[in-house]
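Notes to accompany the following structure.
The values are calculated or read from the model by the stated rules, or taken from the named source; none is laboratory data. As the structure is a computational prediction, the values presented were derived from the model and not from experiment. Here the Cβ positions follow ideal geometry from the backbone for every residue, glycine too, while neighbour counts run over all protein chains shown.
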Amino acid sequence: MSRSHVRLSDAGLTPRAVTRRDALRIFMGAGLCAALAPHMALAATTQERLDAAQLSYEEAQAELERIGEEYSAIASQVSETQVEIGGVTTQINDTQTVIDDTQGKIDDKQDEISDKQEEIESTQEKIETKQEQIGDRMTAAYKSGPRRTLDLLLSSATFEELTSSIFYLDKVSESEREMIEEVKELKAALVTQRAELEEQKAELESQKAELESQKAELESYKDDLEELQEQQRAELEDARAKQLESQELVESLSEEVQELMAQRDAELLAAQQAAEEARRREEEAARQPQRPQGDVPVTGSGPLAAVVSACYSTPSPGSGLCAAWVTDVFQNAGIGSFWGNADDMYYSWCTTSTANIQPGMIIAVNSSPTSNAGRIYGHIGIYVGSNTVMHNIGYVASYSLSQWISVYGPLCTPLCGWLGGIALS
């Protein structure tokens, strides 16, 4: 199919490049605005500065949580609109397919009508020819009169000649009768052909009326899509304003608070890695996740195999950089470069329900509850088949599809799609 997606450029917005340092800051949701906490300016000793940094961290944490909750509420509405856009886009594509099918039927019916018209004209010509031949014979018979027949019989010198003459006259009569019968049959066929023609014309008119109805329905869907896109533009403006507010807060953090954030991030990452390792051991001790019906491991060559292979070979670019890892994977696979945060990719390329996910698709949410960074910028991964989603959470992790949806999807509807609009399978 080709399907249409809502791109950020359509909304008058451009994907932002978030630096690794910014993402690391936001990941814990930590920091302090100078306006929020004057503690750092008043601190004198090292311990006092550490205590002030801790207090500033806690105040900034609370402020970022507030911003994150407000953003999540907005993102949830944007997500609902995104789902509606995907549904209307599907309706448009389906209706266009029906229109194309109906147009094909109309073209076929028009050809049938043309063929039937030619058949009628051919039958009419045959009737006229036969009637002309009968007329000529009747005229000739009228001019010669009965005397010709009598002369033919009286001129017979022998009985054999008489017999031949009578046989000839009988054959002439038989030929005329056959010609008359043929004309009758042709006229009956002509009546049938004309009836069939009228029936085909009526069917054609019905199909044309149906086509017009389908076109009207398509235009209605397009109007709905335009309305939803306009609604999404307004919602995105509100979402971007909240993202900017959080970014400005992070950028105002002091060096001491940043160092505290880095320490906390390292501790959190180590804890996450330990938990992931424990989860992997539990899965191996139990059993591998059952594959969805029809889903098979990706093998062979080609763009899809290259992306899946790159998922396993591309390292994590760091904590809080899920979208950067996805970009690295597609670059390493030779597909192309697609920049932006998880929410940017979600709005641009994800319009398909996860029930229809295919290997090589990205899966994303525009807001997730796992961290303040997740609330504000969402999360993204790549479905590699065999019921597995790979994603970056400071290291490259593998979740089952249901687990990924369960962890990252409570706030907004997870959707999937082809990154860059490039179908890999």
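Can you work out which of the residues in the range 332-353 that are assigned to a loop (DSSP other than H, G, I, E, B) and among the hydrophobic types (A, V, I, L, M, F, W, C) is modelled with the lowest pLDDT?
At the first step, the residues of the range 332-353 found to be assigned to a loop (DSSP other than H, G, I, E, B) are 333-341, 350-351.
Add one more test, that the residue is among the hydrophobic types (A, V, I, L, M, F, W, C), and what stays is 333, 335, 338-339, 350.
Working: 333: 94, 335: 93, 338: 88, 339: 84, 350: 93.
Among those residues, the one meeting the criterion is 339.
Could you list all residues from the range 406-425 that are assigned to a helix (DSSP H, G or I) and either hydroxyl-bearing (Ser, Thr, Tyr) or more than 21 Å from the chain's Cα centre (by Cα) (or both)?
406, 407, 408
Cβ contacts < 8 Å: first residue within 14 Å of residue 122 (Cα to Cα), restricted to the range 189-201; second residue of a type in the set (Asp, Glu) and surrounded by 15 or more Cβ atoms within 10 Å (Cβ to Cβ), any location; separation 6+ or different chain. Result?
Final answer for the pair search is 193/119.
Condition first: over 29 Å from residue 246 (Cβ atoms) and among the aliphatic types (A, V, I, L, M). Can you find one or more residues in the range 338-345 that meet it? If you could, list the steps in order and put the result at the bottom.
Applying the first criterion (over 29 Å from residue 246 (Cβ atoms)) to the range 338-345 yields none.
No, there is no match, as no residue in the range 338-345 is over 29 Å from residue 246 (Cβ atoms) and among the aliphatic types (A, V, I, L, M).
Could you give me the residue pairs with C-beta distances under 6 Å whose first residue belongs to the range 373-387 and is at negative phi, whose second residue is among the β-branched types (Val, Ile, Thr) and assigned to a loop (DSSP other than H, G, I, E, B) wherever it lies, and which are 6+ apart or on separate chains?
Here the result reads 383/357, each pair linking the range 373-387 to a residue that is among the β-branched types (Val, Ile, Thr) and assigned to a loop (DSSP other than H, G, I, E, B).
Has the range 1-8 got any residue that is modelled with pLDDT under 90, under 30 Å from residue 417 (Cα atoms), of a type in the set (A, V, I, L, M, F, W, C) and exposed (fewer than 15 other Cβ atoms within 10 Å of the Cβ)?
Of the range 1-8, the ones modelled with pLDDT under 90 are 1-8.
Applying the additional criterion that residues be under 30 Å from residue 417 (Cα atoms) yields 1-8.
Okay, now just the ones that are also of a type in the set (A, V, I, L, M, F, W, C), so 1, 6, 8.
Subsequent filtering for residues that are exposed (fewer than 15 other Cβ atoms within 10 Å of the Cβ) retains 1.
For the range 1-8, residues modelled with pLDDT under 90, under 30 Å from residue 417 (Cα atoms), of a type in the set (A, V, I, L, M, F, W, C) and exposed (fewer than 15 other Cβ atoms within 10 Å of the Cβ): present.
Against the conditions (1) closer than 13 Å to residue 207 by Cβ; (2) more than 25 Å from the chain's Cα centre (by Cα), where does residue 99 fall short? Just the number, please.
The number of the failed condition is (2).
Take residue 355 and decide whether it is closer than 15 Å to residue 413 by Cβ and either more than 24 Å from the chain's Cα centre (by Cα) or not polar (S, T, N, Q) (or both).
On the way: closer than 15 Å to residue 413 by Cβ: yes; either more than 24 Å from the chain's Cα centre (by Cα) or not polar (S, T, N, Q) (or both): yes.
It is true that residue 355 is closer than 15 Å to residue 413 by Cβ and either more than 24 Å from the chain's Cα centre (by Cα) or not polar (S, T, N, Q) (or both).
Restrict the check to the range 243-251 and report whether at least one residue is modelled with pLDDT under 65 and either touching a Cys at 6+ places or on another chain (Cβ under 9 Å) or in a loop (DSSP other than H, G, I, E, B) (or both). Before the answer, list the steps.
First, the residues of the range 243-251 that are modelled with pLDDT under 65: none.
So far as the range 243-251 goes, no, none of its residues is modelled with pLDDT under 65 and either touching a Cys at 6+ places or on another chain (Cβ under 9 Å) or in a loop (DSSP other than H, G, I, E, B) (or both).
Scan the range 352-395 for residues that are surrounded by fewer than 20 Cβ atoms within 10 Å (Cβ to Cβ) and hydrophobic (A, V, I, L, M, F, W, C) and jot them down.
Answer for the range 352-395, where residues must be surrounded by fewer than 20 Cβ atoms within 10 Å (Cβ to Cβ) and hydrophobic (A, V, I, L, M, F, W, C): just 355.
Scan the range 391-415 and report the pairs whose first residue is over 13 Å from residue 279 (Cβ atoms) and whose second residue is charged (D, E, K, R) and modelled with pLDDT of 90 or more, with Cβ atoms within less than 8 Å and a gap of 6+ or a chain change.
Hits for this filter: 413/80.
Among residues belonging to the range 291-317 that are among the small types (Gly, Ala, Ser) and over 16 Å from residue 331 (Cα atoms), point out the one that is modelled with the lowest pLDDT. First the steps, then the outcome.
Just the residues of the range 291-317 that are among the small types (Gly, Ala, Ser), to begin with: 294, 300-302, 305-306, 309-310, 313, 316.
After this cut, where a residue has to be over 16 Å from residue 331 (Cα atoms) as well, the list is 294, 300-301.
Details: 294: 47, 300: 64, 301: 74.
Residue satisfying both the conditions and the ranking: 294.
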